[in-house]
1. Which numbered condition in (1) at pLDDT below 85; (2) out of contact with any helix residue (DSSP H, G or I) (no Cβ under 7 Å at 6 or more places or on another chain); (3) part of a helix (DSSP H, G or I) is the only one that Ala43 fails?
2. Restrict the check to the stretch 300-319 and report whether at least one residue is among the polar types (S, T, N, Q), under 36 Å from the mean Cα position of the chain (by Cα), closer than 30 Å to Leu492 by Cα and modelled with pLDDT of 85 or more.
3. All but one of (1) part of a helix (DSSP H, G or I); (2) over 26 Å from Arg459 (Cα atoms) hold for Phe331, so report the exception by its number.
4. If you check Leu28, Leu5, Leu20, which single one turns out to be more than 42 Å from the chain's Cα centre (by Cα) and open to solvent by 50 Å² or more (accessible area, probe 1.4 Å)?
5. Can you tell me which residue within the stretch 428-447, out of those that are open to solvent by 50 Å² or more (accessible area, probe 1.4 Å) and assigned to a helix (DSSP H, G or I), is farthest from Met357 (Cα to Cα)?
6. Going through the stretch 449-496 one residue at a time, which ones are within 32 Å of the chain's Cα centre (by Cα) and more than 16 Å from Gln391 (Cβ to Cβ)?
7. Any chance you could count how many residues in the stretch 475-502 are surrounded by 14 or more Cβ atoms within 10 Å (Cβ to Cβ), at pLDDT 80 or above and outside any helix (DSSP H, G or I)?
8. Of the residues Gly348, Gly343, only one is more than 26 Å from Ala378 (Cα to Cα), crowded, with 18+ Cβ neighbours inside 10 Å and either at pLDDT 90 or above or in contact with a strand residue (DSSP E or B) (Cβ under 7 Å, 6 or more places away or on another chain) (or both); which?
Amino acid sequence: MPPILLGLAATGCGIAQAWLVASLLAALLGFGTAGWDMLAAAAALALLQIALTVAQETTAARAGEAARSTLRRRLFSRLLGETPASRPAGEGAALAVDRVEAMDGYFARWVPAASLAVMAPLAVAFAAAAADPLSGIILFAAGLLVPVGMALSGIGAAMASRRQFDALQQLSGRFLDRMRGLPTLVLFRRQEDEAHALEAAAQELRQRTMRVLRLAFLSTGTLELIAAAVLGCLAWRHGNLAAEGHPAPVSALFCLLLVPAFFAPFRAFSVAYHERMSAQGAAAALAPILNAEPPSGLRLEEVPPSVTLVVDHLSHRPDPARPKAVEDVSFRVLPGEVLVLSGPSGSGKSTILKLLMGLSRPDEGRIALNGRDALALAPAELRRMIAYMPQRPVLLRASIRENIRLARPEAGDDAVEAAARAAQVMAFAQDLPEGLDTMVGEGGHGLSGGQRLRVALARAFLRDAPIVLLDEPTAHLDPATEALVLDSLRRLCMGRTAIIASHSAALRARFPKVLELQDGRVVPHRRAVNT
């Protein structure tokens, strides 16, 4: 509402300024008189109009920023509620960045421009009609022609813009996913083929973008043609009257000067109209996610202090074209116990951890927490009970303290420092220039592999969840660092229900309860596990 009111006020200033300038020009041509006070008033109105326009753009930009922030927050909450396998990472990034940014023009420019395109030209046309009725009728007729011309080009622009956004999203997702898998592509010598495929996708995006621009120029050309025709009609009318001795030269000049003010809202509307078309293309992808029902499930009043985990005849096949990743696996872990899932790569260890976290749903079997079906819980509630440490922890470009606090954003500095001491982070952080406030690069740049692992372990301590899931926590560590990490792991697992996926001999020696897996099945001749 404030941008619309400011725009109407700027239009009013423009109308008053046009009358003063018309009076000044008429005086210069010998019709009437005008003084310095009229010139000063016209200059003051010009400055006021500029100030109102700047204020309008500022408030509109703030409205767009607030709308984008709200959209992105809602989108993130929905994306985080999905399972990671349901959407490629590149597609999610394109949704959160490109699609949400495309909505800025709708809220910041289209909404005010659509209202001003109706109210401001009406005000200008009424002012022209008060000075010369026929000039006002001409402006009214032109105002009716503008939406027709813009609509004819806008239909094609909307379709082209939607296709262009789809091509952009596919290209963004493909590029990000291929960059992540670049070592694999190089290993199998597929880099040239993927480069050609990306080039073809980029060419398609270029062609679609140029098609959108052509339609945009067509709409702008239609508007300028109507404006030129109106100016010509008014010049012809008042020129004929001037040849016979114009009865009101100030009114004639006033009507001619109102033409730019009449079409200025339409020009802003034309620019915003194409942004609306882009926003519609973005909204078509965002709406199904934002309007989707939130994940159903039971809610926890509070996180239980201890959990007994029972897995009963669990089976899961992620890919229908491949064998089961997990088949008929059963085990039980009591509070204070640590179960080590051991086996070669591809034996199903990580798949079991994903099933326990609710990131995938099993095809058969049951997961029970304290005798209750874990899958009956809402996904967010299930993850509240779990502290997870992946094999390759993700560290952001932030301080060590902020990276640890990601596990529990509301935690105070004392809790973060206690978690850092428990995970042996302080053993190296105290030698850094700013301690825990030392900045690290994206991906933990500046820290060694063992130090990044201990930061991730500190997150698990800070999380303070009754269930601990660890995926290869000691992989690629030297013996000295591995001993430090194992000592921290022992403290982390005390009193908690812990499952560790690893084939480290040192870790199996420290935690003797081992479930050996092979091709997704339990190997029966290894050490028995309570079931």
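The values are calculated or read from the model by the stated rules, or taken from the named source; none is laboratory data. Computed from a prediction, not measured in an experiment: that's the story for all the values here. Here the Cβ positions follow ideal geometry from the backbone for every residue, glycine too, while neighbour counts run over all protein chains shown. Accessible surface areas use protein heavy atoms only, side chains included; no ligands, DNA or RNA. Shrake-Rupley method; radii C 1.70, N 1.55, O 1.52, S 1.80 Å.
1. Evaluating Ala43 over (1) at pLDDT below 85; (2) out of contact with any helix residue (DSSP H, G or I) (no Cβ under 7 Å at 6 or more places or on another chain); (3) part of a helix (DSSP H, G or I) leaves (1) as the failure.
2. Initial filter on the stretch 300-319 (among the polar types (S, T, N, Q)): 306, 308, 315.
From what is left, the residues that are under 36 Å from the mean Cα position of the chain (by Cα) are 315.
Checking which are closer than 30 Å to Leu492 by Cα leaves us with 315.
If we keep only those that are modelled with pLDDT of 85 or more too, we end up with 315.
There is at least one residue in the stretch 300-319 that is among the polar types (S, T, N, Q), under 36 Å from the mean Cα position of the chain (by Cα), closer than 30 Å to Leu492 by Cα and modelled with pLDDT of 85 or more.
3. Condition not satisfied by Phe331: (1).
4. Details: Leu5 fails: more than 42 Å from the chain's Cα centre (by Cα); Leu20 fails: open to solvent by 50 Å² or more (accessible area, probe 1.4 Å).
Testing whether each residue is more than 42 Å from the chain's Cα centre (by Cα) and open to solvent by 50 Å² or more (accessible area, probe 1.4 Å) leaves just Leu28.
5. Across the stretch 428-447, the extreme among qualifying residues is Asp437.
6. Our first condition is that a residue be within 32 Å of the chain's Cα centre (by Cα); within the stretch 449-496, this holds for 449, 451-465, 467-473.
Within the stretch 449-496, Ala458, Phe461, Leu462, Arg463, Asp464, Ala465, Ile467 meet the criteria.
7. 7
8. Working: Gly348 fails: more than 26 Å from Ala378 (Cα to Cα).
Only one candidate qualifies: Gly343.
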